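A quick write-up on the structure given underneath.
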Amino acid sequence: MYLQHNPWLVAWLQRKLGNRSDAADIAQDTFARLCTATRAQALQDLREPRAYLTMVAKRLLINHLERQSLEQAYLASLRLLPEPMAPSPEARAMLLETLEELDALLDELPPKVRTAFLLSQLEGLSYEDIAAQMELSVRTVTRYMAQGFRQCLRAMLEA
């Protein structure tokens, strides 16, 4: 399956990203996820393997773009700091590593939960504003936020 569909998947991802290196990485991650998530026979029995590969790759692509956006926002905020307040290169590396760990932690949440949590924590939106923006009830946003906070608490307890 890898030999048959990897060139197509890399080309598809490259059109989306405009970057062959990232496209190849995401394609590799896609096949790695498939191998760990399903049995070999189940993969061979897929009627539409490209549709399945596209679905998995889209999720990974979204995660990649979210991480990239988060890193760019962080770097932009650093550029706004006065020189004496700017963190050292070591501190920047540690902060980026922490952001990547946070991103991986939040990646375990369902997409809607993650979006609501990020709108609250990064954008500072109220639950009512999040509900309006996501077309959900405030009660649902409250449940999503509780789920997000539980995920963070679980990670803190495991550390």
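The values are calculated or read from the model by the stated rules, or taken from the named source; none is laboratory data. The model shown is predicted, which means the values in this text are computed figures rather than measured ones. Using ideal geometry, Cβ is built from the backbone for each residue, glycine included, and neighbour counts are taken over all protein chains shown.
What do you reckon, is ARG20 modelled with pLDDT of 90 or more and loosely packed, with under 14 Cβ neighbours inside 10 Å? In short, yes. Screening LEU95 on (1) on the phi > 0 side of the Ramachandran plot; (2) modelled with pLDDT under 90 shows it passes everything except condition (1).
Do we find a residue being part of a loop (DSSP other than H, G, I, E, B), surrounded by fewer than 12 Cβ atoms within 10 Å (Cβ to Cβ) and not assigned by TED's automatic domain parsing to the domain that holds TRP12 anywhere in segment 136-148? Scanning segment 136-148 turns up at least one residue that is part of a loop (DSSP other than H, G, I, E, B), surrounded by fewer than 12 Cβ atoms within 10 Å (Cβ to Cβ) and not assigned by TED's automatic domain parsing to the domain that holds TRP12.
Look at (1) assigned by TED's automatic domain parsing to the domain that holds ALA24; (2) in contact with a Leu (Cβ under 9 Å, 6 or more places away or on another chain) and you find that ASP103 fails only one, number (1). When ARG67, ARG59, ARG114, ARG50 are checked against the criterion of being among the basic types (Lys, Arg), in contact with a Leu (Cβ under 7 Å, 6 or more places away or on another chain) and either closer than 30 Å to VAL138 by Cα or outside the structural domain of THR142 (by TED's automatic domain parsing) (or both), ARG114 stands alone in meeting it. Only a single item in (1) out of contact with any Leu (no Cβ under 9 Å at 6 or more places or on another chain); (2) under 25 Å from ASP25 (Cβ atoms); (3) part of a helix (DSSP H, G or I) is not met by LEU109, and it is number (3).
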